[in-house]
Each structure stands twice: as C-alpha cells, then as structure tokens.
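The values are calculated or read from the model by the stated rules, or taken from the named source; none is laboratory data. This one's a predicted model, so the numbers in the text were calculated from it and none came from an experiment. As a convention, Cβ positions derive from the backbone with ideal geometry for all residues, glycine included, and neighbour counts pool all protein chains shown. When the accessible area is computed, the model is the full protein with side chains, heavy atoms only, and any ligands, DNA or RNA have been set aside. Shrake-Rupley method; radii C 1.70, N 1.55, O 1.52, S 1.80 Å.
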Amino acid sequence: MGTGARPRKESHVPLRSKAITASVLTLSLISGFVFILVTPILFVLAQSATELGAGLILLLAIGLTIAINGLMWLISPWLMDLTNRWFYRCRDMPLEELGQYRPAVAQFIYATCQRHGVKVPALKLIDDMNPTAYCYGSTADRSRMVLTRGLLHYLNDDELAAVCAHELGHIVHRDFIVMTLASTMVQILWQIYVVAKSVRPKGNDSKGIGEAAALIALVAYVFWWVSQYMLLYLSRVREYYADEFAGAETRNPNALSMALVKVAYGLARQPNTEFSRKLMGGTRALGVADPGSARSTGFAYAAAHQGGHAMAGALAGHETPEVQATADGIARIEKVFLFDLHNPWAGVLELGSTHPLTGKRIKVLCEQSASLSIQPLFQFQPIDAYGQPLDHARLRGNFALEVLVWFAPHFGAAAAIVAGIAGAAMGSGMLAAVGFGGIVLGVGLGMTLKGFWRFPTLGQPAMTSVLELMMDPYASPLRGRPVAVQGTLIGRADAGSYIAEDMMMEDPQGGLMTLNYEHWLPLFGNAWFGWKTVTRLVGQPFQAVGWFRRGIGQQVDLDELRTQGETVSSYTGLWGRMGGVVVTLLGVVVLGAAALVADVDPTPSPTGTTAPAVELPSSGGK
C-alpha cells in the first residue's frame, strides 16, 4: 500500500494553490460583505433616537455570534461525541482494534499522522451497513474519525486506506477552522438583515431612515444568499483538496476512485430505514460522499457488476468482499459519469451541494494518477455508450431551451406586470386592470407549457435497462424521457414508512431505480395506496411505462405498472399537466373580473359643474 513512502510534493501544488486561493477569496469576500454593511446600518440606526437600541442589539448580536461560534468550535468535539453516541450508537474503536482486522490500514493511519505531525484521531465505529466515513474536531490534535461497519465491509484495504486518508486530509488542512470562520461570517450577514428589516423609525427624518434601512436589508439578504453558495463552493474545493491528499499519501488515486464507486453502490443497496435516514441526513455534509448524488453511481454500478447480488447478501463481521472491477464494467460505469462531466444541468445541480459530483471527483483523481505515471482507472473519453462523439451543441441547446421552459411561469407573470405598468403609464385603466389581472393567467400558461414539456406523449417506448438510462448524457431533470422498464419490485423507496407509495425496482441486470407513483387523489390516495397495495406488490415481477428524469437523484415517474395479477395506473403525468391548466382557468376568471371592474367608468364630473338637464318634449298640449 506504500504506507512508508513520502508523497511527491509536486502532486499537491495545483489543488493546494486552488484550495488556498478559494479559501482566502471566499473568506475575504464574505468578510467584505459584512464590513460593507456594518458601517451604514450603524450610521442609519444612530440617526434615529428611537433606533439607538437597535444598534446596540446589532453589535451585541454580532458579538454573541462570534463568541458562541468560537465556544462551539472549542467544545464541538465533545458535543459531537455525545450526539454520535445518543443518536447513532457510536462507540470508540482504538487503533489497535482496527489493527486486528485491518493491520495495513491501521499502520497507514499511524504512519500518515506521524509524517504530518498530528496526533492519530480518536477512531469511532457506527454499527450500520451504510458505507460512510467522516471526521470532526476543533484542531488537528483534537479530532475524531468515524467509520461505519458498512465501509469496512464493502472496501478492501487499499480503498479503506484511501478513504481514511481523505478524512486525514481534512484534519491536516485544518478544514474545521476554515469552515467555522466562513459560516460565522454568513451568520453575521443574516443578523444584519434581521435588524435592518425591523427598523421602524419615527420623527421628521423617518422616511429617509426607513428607506435606507430597507435598502440595507435588501442588500444584506442578497449578500447572505450569495454567501450561502460561496460557502458550498468552498466546501467542494476542500473536498477536492482532501481527495488529492489521499491520492498523494496512498500513491494510488485509483484506490479512492474505486472506493467512491463502491460507497455509492453500498448506499444504493442498503434499505432506506428510519435509522439510515437519521444517520445519512445528519452526516450528509460531513461524509466522504453526498448520499443524494452518489446513489446515481451506485444504481448503475449494481448493473455493471453482476457480482453485486452476492455482494449485498452475506454480511458477516468485518469480512472483506472482493469485487472485481472488470474492464467491461469499468467502461460501462464510465459512461454514467458523462452526465456529471458534460451536461450543463450537472453544474446547476451541483451548486447546492457540499460535495462535488462523483464523476468530477473521479476525473480529478484520474488526472492525478496520470501525473504519478499510474494508469488511470477511467479514461473519460467524450464518447457515448453507442460509440458516438458527444454532441455538445445539442447539450447546450437543450439546456438553454429547458431553462426558458423552467422559468416560463415567471416570464408569464412578468409579461402581465409589464402590460399593467404600461397601461397605468398611458392612463388606460382597462389595459392596466387587464395587465395586472392577467398575472395569474400568465403564471398558469407558463405552468401549462412546463407541465406538458415535462410529460411528453408516451407512445410505445422500447424496453430499456437502468444502466442504459444512467449512461444517457442528454438526460434532464425537467424533460421526461418516455421509457419502459421491467424487473422486480424489491421494496419501498422509503423503507421506514408504512404508507410510502414510491417503490424501488431492480432490473434483470441488477440496476436499481426509484418508481414514483401518484394516486388520482393526492396525499390521501397516495397514503392509502402505500398502506394497502405496496406491501402486496413487493417481491413481484413487473413491467412499467413512464418518464425517466435525472437530477441529483433519478427516478421513473410511473404511468402504468403491470404485475402478473393486476394493473396499476399512476397519475404523475395527469397531475403534472393539469396543475397548470387549473391555474390557467383561474387566471381567466380573474382576468374577466378585472376587465368587468375596469369597464365601469369611475371618473366623476368636473368639480363645481353640473350636467345640464335635458328637457323632453311634451306628449300633449296644456
């Protein structure tokens, strides 16, 4: 495993410089946002005698935010220890205990810590089969590393050492301190927004002070919103940096690449129980991989490796399974990453994640392998599963069109507002009323367009597999692809709920996919179907038609599902289209009412004048 070899320093340079630059820029920008706002808000508050107390409250809130975050940073290791013990049944696992089962991994952890001058983190174990790992602490010498039994099960020694090295990278790089500083600044921006929007000045200058405070509140909210995404970007950069550290320390970046794929597979295979949701949800930002985005890789890996069925079965103690990464399997799973690397939707979906998409992480690791003169695990040729070069013009064109469709309701509302403003400016009461009254109609028309775009006509789609669907680089989270799938219903998508209506399927190749069901009676009908029908369907072979879509997760929205004994109709397409139609009809009613009101001329006669009386001719004489 190369535990004793010192890593090549030059392999750290590209990501090290990027991580340091990203950290400095992010902290500087967010701090700049804070200082840009603190001075004017204090000045505004000082101008109003009634708001002097608010200025003191703001300073106190900022001081308390810094003090509390500093205190939480200091005591966070012990608080997390208690949380892990109470909620996840986490226990201590000394390095010597790990060494009994994985001596090479234990030796690697010890040697890496010695090399970088940090104490070996306190190791802990969670007895759960979801494969994940995370670390926490306040300083490098007061850190903990948590492993799950699932991680020990799914990964071999090289892969487990790579995951541990990734977590050690966070510790060595002092990510606890960097992220705490950044998140503290973001919290201060929120405090400024709360105080500024609550300003209610009184007195002669109250109007100007109120307008200034409102403007500061608006700017503070925008800065806070932008800073949230900057914080997520910083988190993703630190993940890349920890990946690079793992590759350099193990001298085998391919080991972490394969570990990420196997972790994704294990997360996809494990039942979504109440405990699993609690564990994976509570540690989502800390784990070695984001379970939401990683499962897409896991679903496909299950199909690419036929040994997956046996691997998911006999879990015994700390036994280490050997899952062969065949050349054919690697080539097939590589095509699944084309979406992450080339589809513009992937970049949008990644914005809200603490972790980079799995495909992007593995690509960087493969580049690191090449720099170390190691054959990369994946080649990442821009060629689809059918041997055709990727059509980037098609990818960009589809994305641009779908962005327009996505915001169609907003465009409809904006067009109506513009018409209303234009009518008011021209003095046309009718046009103004029709314009503003047409806002609901504009939204409805946009929703209708979006709904029919999301659920195109099904026709008679050809039967396909999960792996083929996941290898489609042109897939979309918006535009559903008509598909037919078959396999076995293996359980509920939400295994911890007795009324969950969505199901999990496994196709003949071992691929996994969520099936989204909708009853004709929303909510109550779904619960009834989940309680009375899903239990009966589980374990049965089936065929189904619906719409496949891929985002951070992936699913098939069902239209019809057939088992040997019954046919189940789903109304995902109906409700997806009819929502916009209903709002459009409501908009027609509102528009008609607005037009009727505007048709009544409310203009009074000029002041001081009286309309002359009209004398009607007499019908007879005196």
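Take the solvent-accessible surface of the protein heavy atoms, probe 1.4 Å, and return the percent of it on the chain that carbon and sulfur atoms account for. Carbon-and-sulfur percentage of accessible area, whole number: 63.
Using 1/(1 + (r/R0)^6) with R0 = 41 angstrom and r between the beta carbons of Phe275 and Gln228, what's the FRET efficiency to the nearest 0.05? Using R0 = 41 Å, I get an efficiency of 0.90.
What FRET efficiency, computed as 1/(1 + (r/R0)^6) with R0 = 22 Å and r the Cβ-Cβ distance, is obtained for Thr464 and Asp391, rounded to the nearest 0.05? Rounded to the nearest 0.05, the efficiency is 0.65.
A simple spin-label model places pseudo-atoms 7 Å from Cα toward Cβ; at Asp141 and Leu181 they are separated by 2.0 nm. Between Leu60 and Ser569, the modelled label-to-label distance comes to 6.3 nm, taking each label 7 Å out from Cα in the direction of the beta carbon. Averaged over its residues, the chain has an accessible area of 46 Å² per residue, based on protein heavy atoms and a 1.4 Å probe.
Within the chain, the whole DSSP H helices whose Cα atoms reach 30 Å or more along their own axis and whose mean Kyte-Doolittle score is at least 0.5 are 13-47, 52-88, 175-197, 572-599.
Taking the Cα centre of the chain as origin and assigning +1 to Lys and Arg Cβ atoms and -1 to Asp and Glu Cβ atoms, the resulting dipole is close to 820 debye. Note on Asp157/Val418: beta-carbon distance plugged into 1/(1 + (r/R0)^6) with R0 of 51 Å gives a FRET efficiency of 0.20.
Any chance you could run the full-extension gain for Glu96 through Met426? It's 0.36 nm times the residue separation minus the Cα-Cα distance, nm to one decimal. Contour length minus Cα-Cα distance gives 110.6 nm. Mean residue ellipticity at 222 nm, helices only, the chain: -19500 deg cm²/dmol; runs of at least 4 DSSP H residues each add -39,500 (n - 2.57), and the sum is divided by the number of residues. When all protein chains stay in place and ligands, DNA and RNA are ignored, the 1.4 Å accessible-area order of His410, His355, His173, largest first, is His410, His173, His355.
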